[in-house]
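The values are calculated or read from the model by the stated rules, or taken from the named source; none is laboratory data. All of these numbers come straight from a predicted model, not from anything done at the bench. Cβ sites come from the backbone with ideal geometry, for glycine too, and all protein chains shown count toward neighbours.
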Amino acid sequence: MRSLFVCPLCGQPLTREETRYACPTGHSFDRAKEGYCHLLPVNRKHSKAPGDDKAMAAARSAFLGKGYYAPLREALCALAVSMTGAAPTVLDAGCGEGYYTGGIYRALLSAGKAPRMAGTDISKFILRRAAKGEKGIEFAVASSYHLPLAAESVDLIVNCFSPMAAEEFRRVLRDGGGLLYVVPSEKHLRELKQVLYDHPYANEVKSVPYEGFTCTEVRHVEGMIHLPCREDIGALFQMTPYFWNTPRDGIRRLEELTRLDCRISFDIHVFRKNGRN
């Protein structure tokens, strides 16, 4: 079967076989038993195991699997359906455990469309979970700055909380193609930060123009989530950047909590790639 991915070494089309991906020039890439493929060349890796480790992958899956971020997924699904045609090619760049990827794929199918969808992430640990969850989607270990996709081959890119690789996204999108870029809004996880820090700060909110793209709207998603146990509070903390830079006193206060009501707040920046003049 012809893959959505291309060879990361020579750029030729890849054929997806049962146990590997192969290109016409002879390059071959094994498929893991879960179904994903490793398309990140060694010379583009910045560490031995980049991205989320096993513990972080488990925390993300546990937290998202309970539906706490369902309002964001529902908003992304609605946008994906409205922005695509009958048979769209969709990429989730920095897809993580596939929570949004799978939701969007199923929403497109439910809308009567025939999507082809791929997800990429630099963490093999988290892609194991993504590939187990949705067999109709292709998943590959890859960097958003060097996507193993042909130029102008994608109709819609979804990018949730991952680096904004604008130049590379512009390369792989077709003219008029869409980009959904999700960032935390000003009040996102405010109550969590009030526990962690003596002087909690608001998230910086800004609108940045990107060459070759037009922003058509910024859709805001906000609500309160109710975390009823230490396990869910800990899972949320572990999947945030605060996990890496919180003082010990803040961690102690968090560990003492048995429940937490916390605001979630997101901005979905909706872009279209400009066509050629």
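Hey, any hits in the range 148-164 for a residue that's crowded, with 21+ Cβ neighbours inside 10 Å and either over 21 Å from the mean Cα position of the chain (by Cα) or part of a loop (DSSP other than H, G, I, E, B) (or both)?
Yes, some residue in the range 148-164 is crowded, with 21+ Cβ neighbours inside 10 Å and either over 21 Å from the mean Cα position of the chain (by Cα) or part of a loop (DSSP other than H, G, I, E, B) (or both).
Restricting to the range 229-277, give me the number of residues that are of a type in the set (Val, Ile, Thr) and either touching a strand residue (DSSP E or B) at 6+ places or on another chain (Cβ under 7 Å) or at pLDDT 95 or above (or both). Step through it out loud before you land on a result.
Let us first name the residues in the range 229-277 that are of a type in the set (Val, Ile, Thr), namely 233, 240, 246, 251, 258, 264, 268, 270.
In the following step, the residues that additionally are either touching a strand residue (DSSP E or B) at 6+ places or on another chain (Cβ under 7 Å) or at pLDDT 95 or above (or both) were identified as 233, 258, 264, 268, 270.
Going through the range 229-277 one residue at a time, the tally reaches 5.
In the range 167-183, which residues are over 16 Å from the mean Cα position of the chain (by Cα), more than 16 Å from residue 216 (Cα to Cα) and crowded, with 24+ Cβ neighbours inside 10 Å?
Residue satisfying the conditions is 173 alone.
Is the range 15-32 home to any residue that is out of contact with any strand residue (DSSP E or B) (no Cβ under 9 Å at 6 or more places or on another chain) and over 30 Å from residue 272 (Cβ atoms)? Write out each step before concluding.
So the first thing to find is which residues in the range 15-32 are out of contact with any strand residue (DSSP E or B) (no Cβ under 9 Å at 6 or more places or on another chain), and the list is 25-26.
If we keep only those that are over 30 Å from residue 272 (Cβ atoms) too, we end up with 25-26.
Scanning the range 15-32 turns up at least one residue that is out of contact with any strand residue (DSSP E or B) (no Cβ under 9 Å at 6 or more places or on another chain) and over 30 Å from residue 272 (Cβ atoms).
Considering only residues that are in contact (Cβ under 8 Å) with a residue 40 or more places away in the chain and outside any loop (DSSP other than H, G, I, E, B), look in the range 80-98 and name the one that is surrounded by the most Cβ atoms within 10 Å (Cβ to Cβ). So that I can check it myself, show each step before the final result.
Of the residues in the range 80-98, the ones in contact (Cβ under 8 Å) with a residue 40 or more places away in the chain are 80, 83-85, 88-98.
Cutting the leftovers down to outside any loop (DSSP other than H, G, I, E, B) gives us 80, 83, 89-93.
Working: 80: 27, 83: 19, 89: 20, 90: 27, 91: 28, 92: 31, 93: 28.
For the range 80-98, the residue satisfying everything is 92.
Looking at the range 152-168 only, could you name the residues that are under 15 Å from residue 117 (Cα atoms) and either modelled with pLDDT under 95 or touching a Phe, Trp or Tyr at 6+ places or on another chain (Cβ under 9 Å) (or both)?
154, 157, 158, 159, listed by residue number.
How about the range 22-40: which of its residues are in a strand (DSSP E or B) and under 18 Å from residue 91 (Cα atoms)?
So the first thing to find is which residues in the range 22-40 are in a strand (DSSP E or B), and the list is 22, 28-31, 37-38.
Those that are in a strand (DSSP E or B) and under 18 Å from residue 91 (Cα atoms): 37, 38.
What is the one condition in (1) within 22 Å of residue 90 (Cα to Cα); (2) hydrophobic (A, V, I, L, M, F, W, C); (3) surrounded by 14 or more Cβ atoms within 10 Å (Cβ to Cβ) that residue 205 does not satisfy?
Of (1) within 22 Å of residue 90 (Cα to Cα); (2) hydrophobic (A, V, I, L, M, F, W, C); (3) surrounded by 14 or more Cβ atoms within 10 Å (Cβ to Cβ), only one is false for residue 205: (1).
Determine whether residue 102 is at positive phi and either in a helix (DSSP H, G or I) or surrounded by 20 or more Cβ atoms within 10 Å (Cβ to Cβ) (or both). Before you say what the answer is, go through the steps one by one.
Working: at positive phi: no; either in a helix (DSSP H, G or I) or surrounded by 20 or more Cβ atoms within 10 Å (Cβ to Cβ) (or both): yes.
The answer is no for residue 102.
Quick check on the range 232-247. Is at least one of its residues exposed (fewer than 15 other Cβ atoms within 10 Å of the Cβ), touching a Phe, Trp or Tyr at 6+ places or on another chain (Cβ under 9 Å) and touching a residue at least 40 places away in the same chain (Cβ under 8 Å)?
Of all residues in the range 232-247, those exposed (fewer than 15 other Cβ atoms within 10 Å of the Cβ) come to 241, 244-245, 247.
Next, from what is left, pick out any that are touching a Phe, Trp or Tyr at 6+ places or on another chain (Cβ under 9 Å): 247.
Checking the rest, the ones that are also touching a residue at least 40 places away in the same chain (Cβ under 8 Å) come to 247.
Yes, the range 232-247 has at least one match.
Of the numbered conditions (1) outside any helix (DSSP H, G or I); (2) surrounded by fewer than 16 Cβ atoms within 10 Å (Cβ to Cβ), residue 210 satisfies every one except a single condition; which is it?
The number of the failed condition is (2).
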